[in-house]
1. Please give the calculated 222 nm ellipticity per residue for the protein assembly as shown, where each DSSP H segment of at least 4 residues contributes -39500 (n - 2.57) and the sum is spread over every residue; nearest 500 deg cm²/dmol?
2. With a cut-off of 8 Å between alpha carbons and a minimum separation of six or more residues, what is the relative contact order of chain B in percent?
3. Pairing the Cα long axis of helix A:41-53 with the longest principal axis of chain A, what angle in degrees results, from 0 to 90 and rounded to the nearest 10?
4. Once each part is reduced to its C-alpha centroid, what is the distance from segment A:156-189 to segment B:136-179 in angstrom?
5. Return the distance in nm (one decimal) between the two label points of a simple spin-label model at residue B:41 and residue A:96, each offset 7 Å from Cα along Cα→Cβ.
6. Along Cα→Cβ, 7 Å out, is where each label goes; now give me the distance between the ones at residue B:162 and residue B:9 in nm to one decimal.
7. Along Cα→Cβ, 7 Å out, is where each label goes; now give me the distance between the ones at residue B:86 and residue B:50 in nm to one decimal.
8. Using only Cα atoms and rounding to the nearest 10 degrees, what angle (0 to 90) does helix A:108-134 make with the longest principal axis of chain A?
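Read the figures in this text as sums done on the coordinates, not as results from a lab. These figures come from a predicted structure and were not determined experimentally. Methodologically, a virtual Cβ is constructed for each residue, glycine included, from the backbone with ideal geometry; neighbour enumeration extends over all protein chains shown.
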């Protein structure tokens, strides 16, 4: 039963994450944290960190991570299968039509409508990650925080990282490694 | 191109190594796939590759998986598609399985906690950076409807807490209606002008 639930959840994540990469983020967050409580927000943030440092699409990494946690290796395999099944079906059908007609202009309107919505959804998921990074308590959000909930050191670390990313086009990998090292130093003092 | 065992092995090992050594997800793996299949193996030509990537990006699911399916299908039909999908999805499955086992053990470790605490700020910055870039791209199109959709869906997601899949479906349907109408209007006006 739990395996079936895992399959359905990741099937939905695979089905609705259009645009790749971060587009899957809000959907994973919804299924894994809000619907099923398989991960805490903190574990979700750790999952993102691990995903950034390891190869493979975020959705597949999440599938394996959550699957393993909930139901061991079978869970990981079922979640991965669930995640790629919609792609397999839909892209195979698209491939068939593409190589037959090589023209797919009719879906342009749909995509034009979806693209800005995907940006908003990623921004919305990004806000919860940001809240987790800069507030001292896991339960504090942008709707209910007080000034003394803010961890000033984290805010500075985030802003400095953002500065290097925007101004010097720093490699995200380097930023994550450096902030990890900064974490050890700051927490040891 | 003859499709013997050697070809299938090459297809599997290419997708497997591409997936195993590309950190950073879809937007990183796609240029590398292009390099491998277009420049190195010459299995797909340049223009076709661009089309395949465009379709992969507009279909649901991870871009790396979708592009693998399309390249595999082009080279060897459904069997090729399934084989390259397997090659692309195995590395994350193996690597994250191993890490997940360690994660449970190391979660309570002081050093690991300190590293993850620091990295949370780093990942927040990386995601903020991605968001800023994407919002800028939408604003740059100067398409008022795109900007309106972005604002409305942001409010729906953050303040009204509406389900992400619902938002995507709704904006897809809206886009299909709105933009097909615009096309229709343009055609209509053109016909009128021609009549004059």
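1. Here the helix-only value at 222 nm equals -27000 deg cm²/dmol.
2. Once normalised by length, the contact order is 16 percent.
3. Relative to chain A, helix A:41-53 is tipped by roughly 70 degrees.
4. Cα centroid to Cα centroid, the span is 32 Å.
5. Roughly 2.4 nm, to one decimal.
6. If labels sit at residue B:162 and residue B:9, their model points lie 5.5 nm apart.
7. 3.4
8. Taking Cα atoms only, the helix is inclined about 30 degrees.
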